[in-house]
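Report on the structure given below.
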Amino acid sequence: MLFGFVGFRVIKTAIAAILAIIVADLLGLDNHLGAGTLSILAVEVTRKKSISSTSARFFASIVSLAVASCLFLLFGFHLWVLAAYILLTFPLVARLNFKQGIVTSAVVVFHLYAEGQVTLHILWNEVLLLSCGLGAATLVNLAYMPKEHEKLWDIRKEIDACFSAIFLQLSRNLRDASYVWDGKEMIDTAANIESGIATASKALENRLLPSEEEMIEEKWLLYFYMRKTQLDSIQNLMQLLSQIYQTMPYNQLVANLFEQLSEDVKHPLYTGTTERLLNELEPQFRELPLPTTREELEVRAAILQVFRELRVYLKVAKKDKKELTVEGQ
């Protein structure tokens, strides 16, 4: 944001609108201000979306001008004819896969309706206005797009911090079965992951040609999807931990695993520390004397399931670490 209230897209829109009006005026086009309106409609958030949107808007407008011209020539310039144009053309444009151009096409047809006549000069003027508006918007969109890498790193830090806090909460719950956690960190993590996926996708769409930067953005996307998969594992862990309703001596050992994981998750690379501890603890746990009560049996069965789910979580991190430059546990 600029000055706290003007976004970058608003700045681009202003530049595109003024540029379109100036060019249309220099070309001597009638209703040159209309080019500014068309450019405002065409400003997009990514380069790839801008190109696809511009082509859709242009071809939708050409189709609409053709249909509207025929209707106006056959039936005259009446409001009911304008309504008929909408009923006929909007479904046609959508079927032709030019849905993004419906509003833009309506603007040029309304210009034609305001003229009250169909001539080659008026039609050519509308095509040139369309070219000026869409061209200016496309030029501004292609000229510059803000870098998202700093924002991606900030989101990653937030996610890592949330994961760390979640594991500390799980550890605390194992040490004290009566402890109640509100789960706020889970909600925050899910929101940050979705924000990360959206931001990485946006950054990727701003790359028109294959490059090293595009590969990095793809890896960012993989990172956030990895975290999303791991969050699903954590939800499974929470369901299993809810079955551990008694505080047992060996719960402390399992709690140590989650405390270690709360540190490992902040490390930029997969350390394998938690996995080694798990490999040491699981055999020890299986060698414990058989449970003497039903409650202890249920708790120990739940802990064994926790071990399995924890391995699923760690497997995701271990697998993806070779593919990511932004990996984590």
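The values are calculated or read from the model by the stated rules, or taken from the named source; none is laboratory data. Since the model is a prediction, treat every value here as computed from it, not as a measurement. Please note: Cβ atoms are built from the backbone with ideal geometry, for glycine as well, and neighbour counts cover all protein chains shown. To get the accessible areas, we keep the full protein, side chains included, count just its heavy atoms, and leave off ligands, DNA and RNA. Shrake-Rupley method; radii C 1.70, N 1.55, O 1.52, S 1.80 Å.
For Ala177, only one of the following conditions fails: (1) at pLDDT below 80; (2) farther than 30 Å from Phe285 by Cβ; (3) of a type in the set (A, V, I, L, M, F, W, C). What is its number?
With (1) at pLDDT below 80; (2) farther than 30 Å from Phe285 by Cβ; (3) of a type in the set (A, V, I, L, M, F, W, C) applied to Ala177, the lone miss is (2).
Kindly indicate whether any position in the range 68-78 is touching a Phe, Trp or Tyr at 6+ places or on another chain (Cβ under 8 Å), modelled with pLDDT of 90 or more and closer than 15 Å to Thr104 by Cα.
Within the range 68-78, one or more residues are touching a Phe, Trp or Tyr at 6+ places or on another chain (Cβ under 8 Å), modelled with pLDDT of 90 or more and closer than 15 Å to Thr104 by Cα.
Can Arg300 be described as charged (D, E, K, R), part of a helix (DSSP H, G or I), open to solvent by less than 80 Å² (accessible area, probe 1.4 Å) and modelled with pLDDT of 75 or more?
Yes; evaluated as a whole, the condition is true for this residue.
Can you tell me which residues in the range 183-201 are surrounded by fewer than 18 Cβ atoms within 10 Å (Cβ to Cβ) and either touching a Gly at 6+ places or on another chain (Cβ under 8 Å) or not in a loop (DSSP other than H, G, I, E, B) (or both)?
Matches in the range 183-201: Lys184, Ile187, Asp188, Ala190, Ala191, Glu194, Ser195, Ala198, Ser201.
Let's see how each residue does on (1) closer than 21 Å to Leu261 by Cβ; (2) under 26 Å from the mean Cα position of the chain (by Cα):
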| site | (1), (2) |
| --- | --- |
| Ala114 | no, no |
| Glu148 | no, yes |
| Lys157 | yes, yes |
| Asn173 | yes, no |
| Ser178 | no, no |
| Lys184 | yes, yes |
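Do you know which residues across the range 24-38 are part of a helix (DSSP H, G or I) and surrounded by fewer than 20 Cβ atoms within 10 Å (Cβ to Cβ)?
Asp25, Leu26, Leu33, Thr37, listed by residue number.
Does Leu134 qualify as being under 21 Å from Ala16 (Cβ atoms), touching a residue at least 60 places away in the same chain (Cβ under 8 Å) and more than 34 Å from the chain's Cα centre (by Cα)?
no
Just the residues that are buried (at least 18 other Cβ atoms within 10 Å of the Cβ) and small (Gly, Ala, Ser), please, taken from the range 132-148.
Matches in the range 132-148: Gly133, Gly135, Ala136, Ala137.
Filter the range 260-279 down to the residues that are within 29 Å of the chain's Cα centre (by Cα) and assigned to a helix (DSSP H, G or I), then identify the one that is surrounded by the fewest Cβ atoms within 10 Å (Cβ to Cβ).
Once the filter is applied, the top-ranked residue is Glu263.
From the list Leu257, Leu288, pick out the single residue that is assigned to a loop (DSSP other than H, G, I, E, B) and touching a residue at least 12 places away in the same chain (Cβ under 8 Å).
Going through Leu257, Leu288 in turn, the sole match is Leu288.
In the range 233-254, what residues are open to solvent by less than 70 Å² (accessible area, probe 1.4 Å) and either part of a helix (DSSP H, G or I) or of a type in the set (Lys, Arg) (or both)?
Ser233, Ile234, Asn236, Leu237, Met238, Leu240, Leu241, Asn251, Gln252, Val254
Name the single residue that is least open to solvent (accessible area, probe 1.4 Å) among those in the range 154-182 being under 28 Å from Leu221 (Cβ atoms) and free of Cβ contacts under 8 Å to residues at least 12 places away in the same chain.
Asp154
So that you can scan it fast, the table gives a plain yes or no per residue for (1) closer than 30 Å to Ala200 by Cα; (2) open to solvent by less than 10 Å² (accessible area, probe 1.4 Å); (3) outside any helix (DSSP H, G or I):
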{"site": "Lys49", "(1), (2), (3)": "yes, no, no"}
{"site": "Cys70", "(1), (2), (3)": "no, no, no"}
{"site": "Leu82", "(1), (2), (3)": "no, no, no"}
{"site": "Ile86", "(1), (2), (3)": "no, no, no"}
{"site": "Phe110", "(1), (2), (3)": "no, no, no"}
{"site": "Leu130", "(1), (2), (3)": "no, yes, no"}
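Mind checking which residues of the range 63-89 are closer than 19 Å to Gly133 by Cα and touching a Gly at 6+ places or on another chain (Cβ under 9 Å)?
First pass over the range 63-89, keeping only residues closer than 19 Å to Gly133 by Cα: 63-65.
Answer for the range 63-89, where residues must be closer than 19 Å to Gly133 by Cα and touching a Gly at 6+ places or on another chain (Cβ under 9 Å): Val63, Ser64.
Which is modelled with pLDDT of 85 or more and open to solvent by 60 Å² or more (accessible area, probe 1.4 Å), of Arg311, Arg286?
Arg311
Against the condition surrounded by 14 or more Cβ atoms within 10 Å (Cβ to Cβ) and assigned to a loop (DSSP other than H, G, I, E, B), how does Phe77 come out, does it pass?
yes
Only residues that are modelled with pLDDT under 85 and small (Gly, Ala, Ser): list them for the range 31-46, please.
Listed by number, the list holds a single entry, Ala42.
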